[in-house]
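Here's the structure we're looking at; comments come further down.
The values are calculated or read from the model by the stated rules, or taken from the named source; none is laboratory data. Here the structure is a predicted model, which is why all the values come from computation and not from measurement. Backbone-built Cβ (ideal geometry, glycine too); neighbour counts: all protein chains shown.
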Amino acid sequence: MTVLTNGFCTTEIAIDESFPSDANFESRYDIIINLDDRPRNDFSKAYFIGVKLRDREYSAAMIGDRNCWDTRCAIIEDEQLTVLQGWRVTQFDIRTASVIRSIELDTTAPNFEIYKVGTGYLIYGETAVTMLDKELKLLWSFSGRDIFVSATGKTSFEIKADRICLYDFEDNYYELDYQGHIIHIERS
């Protein structure tokens, strides 16, 4: 579960474990967001998004790919929520409860986490690290020789002040700057 708070609202995001089997799923939400028209089956997953504003509360269900996680899955900025759900990144206007924009990332495997970096978003995925601008336009993407998961227990993804550090499954090490350029590589 992720809980995000700013001066405007508190937002809670969690996987709705009742999806897809609960026949009353839709009736429990004020808003249903299903941008890809995903059917209710085991290949889909739903986020519960609970929003508490000063003057009201509402809940939204965001239906997406089954390959999504509810930790480090969203960024809140003023009245906007940016949500990563597998391959899809969606910006949501919290005040009007509407989608601002949404894109599908062109990666071969799902994406795990989203971070605010400068004026854009850094996305850590299984096969790629991707940087988007504030309007979700692709700035760059980087892939290594293998998936960004360490078989040796090393930290496979780390954000530092001046670089991004990655280990892949073959124990290759990469350092990137924030423009997506390779600073350093150590091959195993």
I need the full set of residues from region 50-91 which are under 8 Å from the mean Cα position of the chain (by Cα) and among the aliphatic types (A, V, I, L, M), in order please.
ALA74, VAL83, LEU84, VAL89
Considering each of ILE123, ILE76, ILE103 in turn, give the residue that is more than 21 Å from PHE142 (Cα to Cα) and either in a strand (DSSP E or B) or without any contact (Cβ under 8 Å) to a residue 12 or more places away in the chain (or both).
ILE76
Inside region 150-175, the number of residues satisfying the requirement of being of a type outside the set (A, V, I, L, M), over 22 Å from the mean Cα position of the chain (by Cα) and over 26 Å from GLY118 (Cα atoms) is 6
Look at region 111-149 and say how many of its residues are under 11 Å from the mean Cα position of the chain (by Cα) and among the aliphatic types (A, V, I, L, M).
3
Please determine whether any residue of region 114-129 is among the aliphatic types (A, V, I, L, M), within 27 Å of LEU81 (Cβ to Cβ), at pLDDT 95 or above and touching a Lys or Arg at 6+ places or on another chain (Cβ under 9 Å).
yes
When only residues in region 54-73 that are among the acidic types (Asp, Glu) and in a strand (DSSP E or B) count, which is modelled with the lowest pLDDT?
ASP65
Condition check: loosely packed, with under 12 Cβ neighbours inside 10 Å, in contact with a Lys or Arg (Cβ under 8 Å, 6 or more places away or on another chain), among the acidic types (Asp, Glu) and at negative phi. Does GLU135 satisfy that?
yes
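Looking only at region 1-36, count how many residues are in a strand (DSSP E or B) and either out of contact with any strand residue (DSSP E or B) (no Cβ under 7 Å at 6 or more places or on another chain) or not hydroxyl-bearing (Ser, Thr, Tyr) (or both).
11
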Taking region 40-53 only, how many residues are outside any strand (DSSP E or B) and in contact with a strand residue (DSSP E or B) (Cβ under 9 Å, 6 or more places away or on another chain)?
2
Based on this model, can you work out whether GLN85 counts as in contact with a Cys (Cβ under 6 Å, 6 or more places away or on another chain) and touching a residue at least 12 places away in the same chain (Cβ under 8 Å)?
yes
For region 129-152, give me each residue that is farther than 13 Å from ILE164 by Cα and of a type in the set (A, V, I, L, M).
LEU132, LEU136, LEU138, LEU139, ILE147, VAL149, ALA151
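Residue by residue, here is whether (1) touching a residue at least 40 places away in the same chain (Cβ under 8 Å); (2) assigned to a loop (DSSP other than H, G, I, E, B); (3) in contact with a helix residue (DSSP H, G or I) (Cβ under 9 Å, 6 or more places away or on another chain); (4) not hydrophobic (A, V, I, L, M, F, W, C) holds:
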{"residue": "TRP140", "(1), (2), (3), (4)": "yes, no, no, no"}
{"residue": "ASP146", "(1), (2), (3), (4)": "no, yes, no, yes"}
{"residue": "THR152", "(1), (2), (3), (4)": "no, yes, no, yes"}
{"residue": "ASP162", "(1), (2), (3), (4)": "no, yes, no, yes"}
{"residue": "PHE169", "(1), (2), (3), (4)": "no, yes, no, no"}
{"residue": "GLU175", "(1), (2), (3), (4)": "no, no, no, yes"}
{"residue": "GLY180", "(1), (2), (3), (4)": "yes, yes, no, yes"}
{"residue": "ILE183", "(1), (2), (3), (4)": "no, no, no, no"}
{"residue": "SER188", "(1), (2), (3), (4)": "no, yes, no, yes"}
